[in-house]
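Asks: The structure's right below; bear with me while I get my questions together.
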Amino acid sequence: MAVERGGEAGKETVGGRDLGLTGTKLGCGEGGCGACTVMVSYFDQLHKKCVHHAVNACLAPLYSVEGMHVITVEGIGNRKLGLHPVQESLASSHGSQCGFCTPGFVMSMYALLRSCQTPPTEQQIEESLAGNLCRCTGYRPIIDAFRVFAKTDDMIYTGATLADRQGNEFICPSTGKPCSCGLKSDSNSENMKESGTCNERYKQLSYSDIDGSKYNDRELIFPPELLLRKSAFLSLSGFGGLKWYRPVSLQHVLELKAKYPEAKLVNGNTEVGIEMRLKRLQYKVLVSVAQVPELNILHVKDNGLEIGAAVKLSELLSVLRRVSLDRAAHEVSSCNAFIEQIKWFAGTQIRNVASVGGNVCTASPISDLNPLWMATGAKFHLINSKGNIRTILAENFFLGYRKIDLSSDEILLSIHLPWTRPYEFVKEFKQAHRKDDDIALVNAGMRVHLEKKNEEWLVSDASIVYGGVAAVSFFASKTKDFLIGKSWNKELLDGALKVLEEDILLKEDAPGGMVEFRKSLTLSFFFKYFLWVSRELDVKTTLTESVPPSYLSAIQPSHKPPVIGSQDYEIVKHGTAVGSPEMHLSATLQVTGEAEYADDIAMPPNGLHAALILSRKPHARIFSIDDSGAKSLPGFEGIFYAKDVPGDNFIGPVVADEELFASELVTCVGQVIGIVVADTHENAKLAARRVHVEYEELPPILSIEDAIKSKSFHPGSERQFKKGDVDLCFQSGGCDRIIEGEVQVGGQEHFYLESMSSLVWTMDSGNEVHMISSTQAPQKHQKYVSHVLGLPMSKVVCKTKRIGGGFGGKETRSAFIAAAASVPCYLLNRHVKLTLDRDVDMMITGQRHSFLGKYKVGFTNEGKVLALDLEIYNNAGNSHDLSLPVLERAMFHSDNVYEIPNVQINGNVCFTNFPSNTAFRGFGGPQGMLIAENWIQRIAMELKKSPEEIREINFQSEGSILHYGQVLEHFTLRELWNQLKSSCNFPKARAEVDEFNVQNRWKKRGIAMVPTKFGISFTTKFMNQAGALVQVYTDGTVLVTHGGVEMGQGLHTKVAQIAASAFNIPLSSVFISETSTDKVPNSSPTAASASSDMYGAAVLDACEQIKARMEPIASKHNFFSFAELAHACYLERIDLSAHGFHATPDIGFDWKTCKGKPFSYFTYGAAFAEVEIDTLTGDFHTRVANIFLDLGHSLNPAIDVGQVEGAFVQGLGWVALEELKWGDAAHKWIPPGFLYTCGPGNYKIPSLNDVPSKFSVSLLKGSPNVKAIHSSKAVGEPPFFLASAVLFAIKDAITAARTEAGYTGWFPLDNPATPERIRMACTDEITSRFVDSKFRPKLSI
């Protein structure tokens, strides 16, 4: 085990970087992504057994694992000695793309297997991965990879064989049901087909016991020497005077508390670690109580459960589950409530270390458990330093915001949870942005005790407690008083809702916002509780007022079945490798943690770490800078500002309108003012925070609407398209109807798992500058660094081996990071590494552009669109960056797939005081198409027709002339659409959804089908060029270097397949090492989905040159191998190296005439989605997603399917989960210009639980693309927009709810369709107490 520096107090955290063990990744530093997962094992003295837990290394202080066994991903398998089956299964199942999150997933699964006495269920596997995030894969292949370890069939555990089955029936290890996947024979035909929910890669894996010996003969056992080790009192010192104590008895704890009254007690460090790192709180004395036996008791007594304060949540959950089965049903109502609440409490890694007492004493107003402790009548036992114990009711323990009734010499000893009595009902509630691993927006614990008198059930006792509505967990005392003595009937419900409305007061500017939603939730929860209790009573006895069957949907638990995926595609092979579903070339390195990323590169002994000095104001003049506090800190080595830049301080990818270091004026929060370098990452960050800047504040522009009012647009950014005569069409009377509306389109954070990172160093005392960067555009790094240092580009080299996700975010915004680091590097002649923390990365590097679209559409009564007049604006932020090209692509895609005779589109790029927004998968296209689909929906609602019908009658066709003059060729959309419609049996799906909605009042389902057409090429012509260098060695192996960057999308794998097929050699004979500006110059960014097309063609060009040189030698002899041929050519002095080049032909667009052919071709697709929403809370889940895409003859269908699934789930995040909240007029509780959602704690990307339950991907067969290499098509961006099918399915479900409540007609639904937007759109008698049916929740755009 080794350590890495982490935590503001200098506490070292579990990891391995100092020993070169870089597999454990730092993704967020707050336990929210799981990339840093390791397994910690220890011997439990109480139960005399080894315990294995997955934990977040970023939050686990090194001192906390003294005496324990820590296994990182490197410890379970590697490329040289062999992969562990967990690693092998993930790699072969295509479950690793960029690879940055992969070691975390491997370790979570490994820890589950080591901790299970019996094989885990599929549900346990999915639960164990809830604390791990992936931004690339869409999770489906990860689930499939790990499903083989689940017990789905007894046969493999009884030693039986497949042949033992009657009739040789094969049981699929994926589904546990008979299927034919294991009976398929391999085929060598050129055209092979693979489809279904499973395939040959599912091999059943046997399982023995906790030591995992059947998995791997080299499985690491628990070290015997640790079994002999006794826990001892620890007294250790840390960075900055920190004292760390680990007592091993309660007496030790009390003595320390007497000595250090302000000491902070720590168990899992899940709260204290966050406070010290992100909130900058300083604790001088930390006392770890995790190994104090008296605090770890868990006793089942006659009158209830006695729970020690240090008991871990995972342990409590396990005991509660056991108790709920062992005890009488009426006694465990509270236990069942806790089981359900803990299940959704954070991720497995957090629950494995977080303690009950830590959660209680943190006294968070959104604690999931405190409302339940209060509601159940739990008692807290407190002990002081003298050993005196006092008992207090949980409801009296919480005094104010994070204030509790605990004196400085007291600690929480234990909690007593009483058993419930007959007819005492306890229920938990929680609503968050995301189901898995998320903090509550509002939660609740409710309890009533009923007694029967004169055929009526009367409330004899009650507790209604809410979290998220006040500074503390709020006891609704007025509601309690109202309930007691009342009869349990509808009259009680109506009265209680009125009292609750007065009982809970949330001010308009309450922290957290969403006031109307949170108020609605408080009543919705009680309404659900009333129905639940009524149903429970109905089961046990007979109520005079039974719950109507349609109302039961309010209380039915939302059961999400395990994910089942199917992939249907054609394999069209070309040569030895092209067309084959090959594994990602780096997959084995990624699953073992051996794959290196920019921050993994070891620093030399005198290397420096950098941190940025950032603006704290959205718009201000810099009045003065005082950096004396920084210069006096230990480890400080230098500080640099605009005046120190050797070359030009102004930078920008298109327009140089951005300062590297702000000199006089700051135009956003997070703008870089300077850079500090120090001996460690922590010292550099501390020094940057000690720089004090005085400002003269100026009025900021903080929204698109503000920019429009102020006419705040970037210069030269106005664009216009015209086709036909829109005004004449509107005035001529040809349009039966005309509608006008406005669409707000939310932004999105890239959330690549690897944050921005650059390592820069000089050579020959500054004559050359080299760097390794996490970037999609090494050439831009080369250009920026040469520009700010005043060096020629020939003396600057940028290398990139791989990046941990990019999605457009590392196309331009990564370049200023490298440029900033290059300044101290060049001036000091020392290595400088600049790696951004997650919160800083999210704050300063820009996001997907938010958009505002104002449309006017004319159409016939049949639904045929005749005219579109569109004003479109995007929020660029404080610099130009790529905002104009993004706007242009949005305008290109504003028709989506619809024939519109008359079109006028005007676009503008808004200047606002936010960090510059930038490229993101789709590059404006999805925003333009989303606006189009909104007015399509509006037309359908106006005409009372289905949106699908309106779409179909407006489809473009072969030969259609688009609004920018391009003619559609090889138009396959209608074929795709019809296949999708047939595949999902749309009429039947519609009928089933309608039937469900009639039978269920409070749950509604919706469906939608959405098409897409995505243009492939950079819209700037000169960028459509690519270079490659191919070198053949005398042993027959081939080294390929090209200008594209591997970021998980499989670019290197596809390019290697092209080279292998070109030379007719195995794929294993081709190697791609890295992307480097000194090998292939002047490369365009790896973006626009066109990289496989361009770099594949460039590599093929180089291969063909070499083959032409080899041909005379090959024709003279019969060589047995390519190696023999290569050697023979070498002996004949044949050049075996070639530079290949490709320029995309037949494209170009003229903005003066607004006509041309900006795209080489289009990728077409369509998707069907079915969702189910809870109209009372806004929760939803995607039941079905069915995607059809035309990808021509796929170069690698396995990689392409991964891209489709990953894009779809990322798109699902954009349309339904991920909301950026900025300090603006819509969010006055956030400081102006600041980003509130700057980490996984507040910003929620999809988790494994958000994957569609049935997830199908089909690639169109028999449709070669004549425009690209080997008849393939680009795949990276086109599927992203198809996730809007989920948004419109949600809207369909909401429409059903509104219709039942008597509200018909058009209503807006902005993206993301978060629980707030879903709930508040489902107007009913609860929401109408707070808002009207036209209410539109606020959105930062």
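Asks: Hey, among P1240, P1315, which residue is more than 16 Å from D1179 (Cα to Cα), buried (at least 21 other Cβ atoms within 10 Å of the Cβ) and in contact with a helix residue (DSSP H, G or I) (Cβ under 9 Å, 6 or more places away or on another chain)?
Replies: P1240
Asks: Looking at the structure I just gave you, is R1133 open to solvent by 60 Å² or more (accessible area, probe 1.4 Å), within 30 Å of T1327 (Cα to Cα) and not polar (S, T, N, Q)?
Replies: no
Asks: Now a separate question. Could you grab me the full set of residues in region 749-782 that are in contact with a Gly (Cβ under 7 Å, 6 or more places away or on another chain) and of a type in the set (A, V, I, L, M, F, W, C)?
Replies: The one that is in contact with a Gly (Cβ under 7 Å, 6 or more places away or on another chain) and of a type in the set (A, V, I, L, M, F, W, C): L753.
Asks: Please specify each residue of region 608-629 satisfying the condition of being farther than 14 Å from L836 by Cα, open to solvent by less than 20 Å² (accessible area, probe 1.4 Å) and among the aliphatic types (A, V, I, L, M).
Replies: L608, A620
Asks: Restricting to region 500-518, name every residue that is within 28 Å of the chain's Cα centre (by Cα), in a helix (DSSP H, G or I) and in contact (Cβ under 8 Å) with a residue 24 or more places away in the chain.
Replies: E516, F517, R518
Asks: Right, here's the next one. Answer with yes or no whether A462 is at pLDDT 95 or above, in a strand (DSSP E or B) and more than 25 Å from H1181 (Cα to Cα).
Replies: yes
Asks: Just to verify a result, which residue in region 687-712, among those that are touching a helix residue (DSSP H, G or I) at 6+ places or on another chain (Cβ under 8 Å) and among the hydrophobic types (A, V, I, L, M, F, W, C), is nearest to G877 (Cα to Cα)?
Replies: Among those that are touching a helix residue (DSSP H, G or I) at 6+ places or on another chain (Cβ under 8 Å) and among the hydrophobic types (A, V, I, L, M, F, W, C), it is I701.
Asks: Same structure, new question: Being surrounded by fewer than 23 Cβ atoms within 10 Å (Cβ to Cβ), among the polar types (S, T, N, Q) and assigned to a helix (DSSP H, G or I) is the filter here, so list the residues in region 1056-1115 that pass it.
Replies: If the condition is that a residue be surrounded by fewer than 23 Cβ atoms within 10 Å (Cβ to Cβ), among the polar types (S, T, N, Q) and assigned to a helix (DSSP H, G or I), then S1068, S1069, Q1105, S1115 are the ones that fit.
Asks: Name the single residue, out of those in region 212-242 being of a type in the set (D, E, K, R) and over 17 Å from V70 (Cβ atoms), that is modelled with the lowest pLDDT.
Replies: For region 212-242, the residue satisfying everything is K214.
The rows are residues; the columns are (1) surrounded by fewer than 24 Cβ atoms within 10 Å (Cβ to Cβ); (2) among the basic types (K, R); (3) under 26 Å from D994 (Cα atoms).
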site	(1), (2), (3)
Y1164	no, no, no
E1170	no, no, yes
N1196	no, no, no
V1204	no, no, no
S1247	no, no, no
D1250	yes, no, yes
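Asks: Scan region 450-475 for residues that are among the aliphatic types (A, V, I, L, M), closer than 19 Å to Y401 by Cβ and open to solvent by 10 Å² or more (accessible area, probe 1.4 Å) and jot them down.
Replies: A470, A471, V472 - these are the residues of region 450-475 that are among the aliphatic types (A, V, I, L, M), closer than 19 Å to Y401 by Cβ and open to solvent by 10 Å² or more (accessible area, probe 1.4 Å).
Asks: Quick check: is even one residue across region 582-593 open to solvent by less than 30 Å² (accessible area, probe 1.4 Å), in contact (Cβ under 8 Å) with a residue 60 or more places away in the chain, more than 35 Å from the chain's Cα centre (by Cα) and within 30 Å of L26 (Cα to Cα)?
Replies: No, region 582-593 contains no residue that is open to solvent by less than 30 Å² (accessible area, probe 1.4 Å), in contact (Cβ under 8 Å) with a residue 60 or more places away in the chain, more than 35 Å from the chain's Cα centre (by Cα) and within 30 Å of L26 (Cα to Cα).
Asks: Here's a follow-up. Please verify whether K801 is surrounded by fewer than 24 Cβ atoms within 10 Å (Cβ to Cβ) and within 30 Å of G925 (Cβ to Cβ), treating the condition exactly as stated.
Replies: Yes, satisfied.
Asks: Sticking with this structure for a sec: If we scan region 1209-1227, do we find a residue that is outside any loop (DSSP other than H, G, I, E, B), open to solvent by less than 10 Å² (accessible area, probe 1.4 Å) and acidic (D, E)?
Replies: No, region 1209-1227 contains no residue that is outside any loop (DSSP other than H, G, I, E, B), open to solvent by less than 10 Å² (accessible area, probe 1.4 Å) and acidic (D, E).
Asks: Has region 1229-1244 got any residue that is of a type outside the set (D, E), within 13 Å of the chain's Cα centre (by Cα) and within 24 Å of V1010 (Cβ to Cβ)?
Replies: Within region 1229-1244, one or more residues are of a type outside the set (D, E), within 13 Å of the chain's Cα centre (by Cα) and within 24 Å of V1010 (Cβ to Cβ).
Asks: Considering only residues that are among the polar types (S, T, N, Q), buried (at least 24 other Cβ atoms within 10 Å of the Cβ) and either closer than 22 Å to W344 by Cβ or at pLDDT below 90 (or both), which ones fall in region 111-163?
Replies: S128, N132, listed by residue number.
Asks: Shifting gears a bit: So K1152 ticks every box in (1) surrounded by fewer than 24 Cβ atoms within 10 Å (Cβ to Cβ); (2) touching a residue at least 60 places away in the same chain (Cβ under 8 Å); (3) farther than 21 Å from A1008 by Cα but one. Which box is left unticked?
Replies: (2)
Asks: On to the next question. Of a type in the set (D, E) and surrounded by fewer than 24 Cβ atoms within 10 Å (Cβ to Cβ): which single residue out of E888, E975 fits that description?
Replies: E975
Asks: Search region 435-449 for residues being open to solvent by less than 10 Å² (accessible area, probe 1.4 Å) and in contact with a helix residue (DSSP H, G or I) (Cβ under 9 Å, 6 or more places away or on another chain), and hand back the single one that is farthest from P247 (Cα to Cα).
Replies: This residue is V448.
Asks: Looking for whichever is touching a strand residue (DSSP E or B) at 6+ places or on another chain (Cβ under 7 Å) and surrounded by fewer than 24 Cβ atoms within 10 Å (Cβ to Cβ) here; the options are A1274, A1296. Which one fits?
Replies: Answer to the check: A1296.
Asks: Further question on the same structure: Tell me, which helices (runs of 4 or more DSSP H) lie completely within region 597-713 with 1 or more residues that are in contact with a Leu (Cβ under 8 Å, 6 or more places away or on another chain) and either closer than 30 Å to L19 by Cβ or of a type in the set (V, I, T) (or both)?
Replies: 681-689, 704-710
Asks: Still on this structure: From the list K478, K498, pick out the single residue that is in contact with a helix residue (DSSP H, G or I) (Cβ under 7 Å, 6 or more places away or on another chain) and open to solvent by 30 Å² or more (accessible area, probe 1.4 Å).
Replies: K478
Asks: Something else about it: Checking the condition buried (at least 19 other Cβ atoms within 10 Å of the Cβ) and under 40 Å from the mean Cα position of the chain (by Cα), which residue from V272, V248 passes?
Replies: Going through V272, V248 in turn, just one is buried (at least 19 other Cβ atoms within 10 Å of the Cβ) and under 40 Å from the mean Cα position of the chain (by Cα): V272.
Asks: Moving to a separate point now. For region 1124-1179, which fully contained strands (runs of 3 or more DSSP E) count at least 3 residues that are of a type outside the set (G, A, S), on the phi < 0 side of the Ramachandran plot and touching an Asp or Glu at 6+ places or on another chain (Cβ under 9 Å)?
Replies: 1137-1143, 1161-1174
Asks: Further question on the same structure: Which ones in region 349-360 are open to solvent by 20 Å² or more (accessible area, probe 1.4 Å) and touching a strand residue (DSSP E or B) at 6+ places or on another chain (Cβ under 6 Å)?
Replies: V353, the sole residue that qualifies.
Asks: Under 7 Å between Cβ atoms, which residue pairs at least 6 apart in sequence (or on different chains) link something in region 316-337 that is without any contact (Cβ under 8 Å) to a residue 12 or more places away in the chain with a partner that is of a type in the set (F, W, Y) and in a helix (DSSP H, G or I)?
Replies: Close Cβ pairs satisfying both conditions: none exist.
Asks: Return the residues of region 630-643 that are open to solvent by 20 Å² or more (accessible area, probe 1.4 Å) and over 13 Å from V672 (Cβ atoms); say none if nothing qualifies.
Replies: Hits for region 630-643 are K631, S632, L633, P634, G635, F636, E637, K643.
Asks: May I ask you to list pairs of residues, at least six apart or on different chains, whose Cβ atoms are under 6 Å apart, with the first in region 123-149 being in a loop (DSSP other than H, G, I, E, B) and the second being open to solvent by 10 Å² or more (accessible area, probe 1.4 Å) and of a type in the set (K, R)?
Replies: none
The values are calculated or read from the model by the stated rules, or taken from the named source; none is laboratory data. All values derive from a computational prediction rather than experimental measurement. Note that we place each Cβ from the backbone using ideal geometry, even for glycine, and neighbour counts take in every protein chain shown. Remember, those area values only see protein heavy atoms, side chains included, never the ligands or the DNA or RNA. Shrake-Rupley method; radii C 1.70, N 1.55, O 1.52, S 1.80 Å.
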